[in-house]
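A.B. asks: Here it is: the structure, laid out below.
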Amino acid sequence: MNKKVLVIGSGIAGLSAALRLAKRGYQVEIVEKNSKAGGRLNQLKKDGFTFDLGPSFFSMTYEFEEFARDCNIEMPFRFIELDPLYSVHFSGNPKTYRLYKDIHKLAEQFREEEPDFEAKMEKYLKKCAQLFDDTVDIVIKSNFDSIFDYLMHLIKVNPSHLGVLFRNFYQQLKLHFSSKEVRQILSLVAFFLGRTPFDTMAVYTLLSHTEFRHNGYYNVEGGMYAIVEGLLRELEKENIKINYNTEIISYKEHNGKLEHFIDNQGQNWKADLYLVNGDAAVFRGKVLDRKKYSTRKLDKMSWTMGYLTFYLGVKTKLPQVDHHNYYLGSNFEDYARKVQQDPGTLQKPYYYVNVVSKYNQECAPEGCESLFFVCPVPNLLQKPDWSDKDKIVDSIIEDFSGRIGQDIKPEIISKTIYTPQDWEKQFHLHRGTGLGLSHKMLQIGAFRPSNIDENFKNVFYAGASTVPGAGLPMGIISSKLAVERMLNYKAE
Ligand SMILES: Cc1cc2nc3c(=O)[nH]c(=O)nc-3n(C[C@H](O)[C@H](O)[C@H](O)COP(=O)(O)OP(=O)(O)OC[C@H]3O[C@@H](n4cnc5c(N)ncnc54)[C@H](O)[C@@H]3O)c2cc1C
């Protein structure tokens with residue numbers, strides 16, 4: 001065998017696919033436009049501080065375990081289970097809600113707001129578990145050869161779930177819970193798919209099952225970039241070379257096959273098979289010149305929100321702040337409903353704060369803390385101008401200082417801001433959308449850009465905008481699905 005594969009991009013899906021292929025005897029090489037591996041799963045080192053750039057926790061560790069078994073390696077990093085999963089703070093409410101996995105313990109948190117919480121939550125989670133069990137193998141972990149094939153898979157899903165196709169995430173929660181606090185807190189997981197609970201289908205309440213039961217949230221010892229470092233060590237053992245600062249910008253075809261790709265220096269990259277880890281829709285449009293993915297057509301597709309992220313190094317300790325925290329504005333519903341259309345609503349945002357140095361002391365100098373803020377915001381289609389970024393960031397820092405009862409402004413010794421413009425530029429994310437294509441009905445399964453190219457049968461895709469979707473565990477599954485396709489490839 002010993003076929004040569006070129007992997008374009010070193011995100012989680014590209015790196016994991018490269019290792020799966022190398023372990024099967026393929027000769028693999030990677031090109032990456034940036035100077036560092038990892039894609040969005042990256043790290044920022046500055047002024048003595050270390051920050052996770054994007055992902056800060058994840059679910060479905062068993063997908064990583066399956067990957068390690070598939071590659072016959074020891075897990076190259078160590079998971080740290082989060083319990084409580086995260087803390088939530090409402091504006092004007094001094095109470096801290098801690099989200100424990102133990103439902104009995106969790107019920108204590110909502111004793112006043114939702115007195116019969118435990119029974120309601122058990123009922124809600126039972127429905128979420130059924131949704132998960134009835135769809136995960138059939139829909140999420142499968143390749144589809146056509147829309148017909150996909151529909152045949154969908155027919156196998158238990159018809160009792162039909163209702164969730166016609167409700168949004170928030171409406172589903174309203175059926176189960178009456179308090180604003182419980183509904184809003186349990187709806188936060190919808191943001192993991194890059195949209196709001198008001199425009200995410202109720203079928204994704206299956207994520208509540210992954211949050212609380214199967215199998216919670218995890219961090220990695222040493223910070224999230226330890227995942228990339230671990231994968232790089234394994235790739236090195238297989239002598240896989242990564243060519244950094246190499247951006248693929250064009251191609252040459254021959255007889256219905258991709259002959260070679262061409263990089264920004266004019267160098268040709270030739271292989272038998274190609275795996276694209278750059279965004280599957282953007283790459284088809286910008287590099288392969290497909291009309292279906294022209295900029296105008298891309299703009300018409302449904303995309304996820306943008307992220308405004310910022311990274312603060314402060315010369316003080318913040319013992320009163322937990323590791324993972326959500327701070328909700330007083331206008332959560334209004335804000336979440338309008339976030340895509342009305343940039344003005346940024347006055348009172350919802351934001352997430354991760355104190356990276358809390359359990360990874362090497363991430364900050366002694367007596368200091370590394371803080372990572374994530375705020376979901378309109379992408380560049382809705383808000384192209386970010387000249388007000390400092391104003392927005394200052395207002396969040398002001399709000400955060402008020403909520404934790406300590407003014408951090410004079411303590412800031414390192415500050416870096418990433419707007420959707422920076423995310424777009426650094427990782428080729430269309431209009432700065434954080435998670436790529438959205439997961440609405442007509443953009444999932446066989447309706448998502450396929451992981452096998454329409455025109456070139458030796459070109460495949462793995463990553464957030466192809467099947468199954470966004471997030472780190474989905475990246476691992478995506479690499480499995482793409483490799484499955486590649487193993488079936490027959491050269492003529
Ligand atoms: C702010 C933020 C927070 C997030 N938080 C979480 C979280 O907590 N948990 C979670 O599970 N997920 C989270 N995600 C989502 C997660 O980061 C992504 O779904 C995942 O990392 C995507 O991996 P990927 O392999 O699809 O692509 P990417 O990470 O985008 O990697 C693709 C790589 O391809 C390279 N590339 C692109 N085009 C070319 C080209 N033409 N030539 C050469 N190289 C190219 C890019 O530079 C990049 O390195 C978050 C995302 C963001 C932005």
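The values are calculated or read from the model by the stated rules, or taken from the named source; none is laboratory data. Keep in mind that this is a model prediction, so the values were computed, not measured. Here the Cβ positions follow ideal geometry from the backbone for every residue, glycine too, while neighbour counts run over all protein chains shown. Quick note on the areas: whole protein, heavy atoms, side chains included, nothing else; ligands and nucleic acids left out. Shrake-Rupley method; radii C 1.70, N 1.55, O 1.52, S 1.80 Å.
A.B. asks: Determine, yes or no, whether Val136 is surrounded by 17 or more Cβ atoms within 10 Å (Cβ to Cβ) and at pLDDT below 95. Spell out the reasoning first.
C.D. replies: Numbers: surrounded by 17 or more Cβ atoms within 10 Å (Cβ to Cβ): yes; at pLDDT below 95: yes.
Against the criterion (surrounded by 17 or more Cβ atoms within 10 Å (Cβ to Cβ) and at pLDDT below 95), Val136 qualifies.
A.B. asks: Of these, Ile73, Ile80, which one is of a type in the set (A, V, I, L, M) and part of a loop (DSSP other than H, G, I, E, B)?
C.D. replies: Numbers: Ile80 fails: part of a loop (DSSP other than H, G, I, E, B).
Being of a type in the set (A, V, I, L, M) and part of a loop (DSSP other than H, G, I, E, B) holds for just one of Ile73, Ile80, which is Ile73.
A.B. asks: List every residue pair whose Cβ atoms lie under 7 Å apart, where the two residues are 6 or more positions apart in sequence or sit on different chains, the first residue falls within segment 234-260 and is modelled with pLDDT under 95, and the second residue, located anywhere, is within 16 Å of the ligand (Cβ to nearest atom) and assigned to a strand (DSSP E or B).
C.D. replies: If the second residue must be within 16 Å of the ligand (Cβ to nearest atom) and assigned to a strand (DSSP E or B), no pairs are left.
A.B. asks: Give the number of residues within segment 397-414 that are assigned to a helix (DSSP H, G or I) and free of Cβ contacts under 8 Å to residues at least 60 places away in the same chain. Show your work before the answer.
C.D. replies: Narrowing segment 397-414 to residues assigned to a helix (DSSP H, G or I): 397-404, 409-411.
Filter again for free of Cβ contacts under 8 Å to residues at least 60 places away in the same chain, leaving 398, 401-402, 409-410.
So the count comes out to 5.
A.B. asks: Could you figure out which of (1) within 16 Å of the ligand (Cβ to nearest atom); (2) out of contact with any Cys (no Cβ under 8 Å at 6 or more places or on another chain) isn't true of Gly223?
C.D. replies: The one condition Gly223 does not meet is (2).
A.B. asks: Right, next: Going by what's in this entry, would Tyr62 be described as within 16 Å of the ligand (Cβ to nearest atom), surrounded by fewer than 16 Cβ atoms within 10 Å (Cβ to Cβ), under 23 Å from the mean Cα position of the chain (by Cα) and at pLDDT 95 or above?
C.D. replies: On the way: within 16 Å of the ligand (Cβ to nearest atom): yes; surrounded by fewer than 16 Cβ atoms within 10 Å (Cβ to Cβ): yes; under 23 Å from the mean Cα position of the chain (by Cα): yes; at pLDDT 95 or above: yes.
Spelling it out, Tyr62 is indeed within 16 Å of the ligand (Cβ to nearest atom), surrounded by fewer than 16 Cβ atoms within 10 Å (Cβ to Cβ), under 23 Å from the mean Cα position of the chain (by Cα) and at pLDDT 95 or above.
A.B. asks: List the number of the failed condition for Ser330; all other conditions in (1) part of a helix (DSSP H, G or I); (2) more than 23 Å from the chain's Cα centre (by Cα) hold.
C.D. replies: Result: Ser330 fails condition (1) only.
A.B. asks: Anything in segment 77-98 that is open to solvent by 70 Å² or more (accessible area, probe 1.4 Å) and either modelled with pLDDT of 95 or more or of a type in the set (Val, Ile, Thr) (or both)? List them, or say none. Walk me through how you get there before you give the answer.
C.D. replies: Taking segment 77-98 as the starting set, the residues that turn out to be open to solvent by 70 Å² or more (accessible area, probe 1.4 Å) are 78, 81, 83, 92, 94, 98.
Those that are open to solvent by 70 Å² or more (accessible area, probe 1.4 Å) and either modelled with pLDDT of 95 or more or of a type in the set (Val, Ile, Thr) (or both): Arg78, Glu81, Arg98.
A.B. asks: Just checking, which of Lys45, Lys105, Lys101 is open to solvent by 30 Å² or more (accessible area, probe 1.4 Å), assigned to a strand (DSSP E or B) and more than 16 Å from the ligand (Cβ to nearest atom)? Even if it seems obvious, please write down each step before you answer.
C.D. replies: Details: Lys105 fails: assigned to a strand (DSSP E or B); Lys101 fails: assigned to a strand (DSSP E or B).
The match here is Lys45.
A.B. asks: Then there is this: Tell me, which strands (runs of 3 or more DSSP E) lie completely within segment 246-317 with 1 or more residues that are loosely packed, with under 13 Cβ neighbours inside 10 Å and more than 15 Å from the ligand (Cβ to nearest atom)? Break it down stepwise before answering.
C.D. replies: Working: elements: 248-254, 257-263, 273-276, 306-314.
So the answer is 248-254.
A.B. asks: Being at pLDDT 95 or above, buried (at least 19 other Cβ atoms within 10 Å of the Cβ), within 18 Å of Tyr274 (Cβ to Cβ) and more than 16 Å from the ligand (Cβ to nearest atom) narrows it down to one residue among Asn451, Asn458; which is it?
C.D. replies: On the way: Asn451 fails: more than 16 Å from the ligand (Cβ to nearest atom).
Unique residue meeting the criteria: Asn458.
A.B. asks: While we're here: Has segment 379-394 got at least one residue that is open to solvent by 10 Å² or more (accessible area, probe 1.4 Å), in contact with a Gly (Cβ under 6 Å, 6 or more places away or on another chain) and in a loop (DSSP other than H, G, I, E, B)?
C.D. replies: Yes; the residues of segment 379-394 include at least one that is open to solvent by 10 Å² or more (accessible area, probe 1.4 Å), in contact with a Gly (Cβ under 6 Å, 6 or more places away or on another chain) and in a loop (DSSP other than H, G, I, E, B).
A.B. asks: Name the one entry in Ser465, Ser438 that is away from the ligand (no atom under 11 Å from the Cβ) and either touching a Ser or Thr at 6+ places or on another chain (Cβ under 7 Å) or open to solvent by less than 10 Å² (accessible area, probe 1.4 Å) (or both).
C.D. replies: Numbers: Ser465 fails: away from the ligand (no atom under 11 Å from the Cβ).
Only one candidate passes the filter, namely Ser438.
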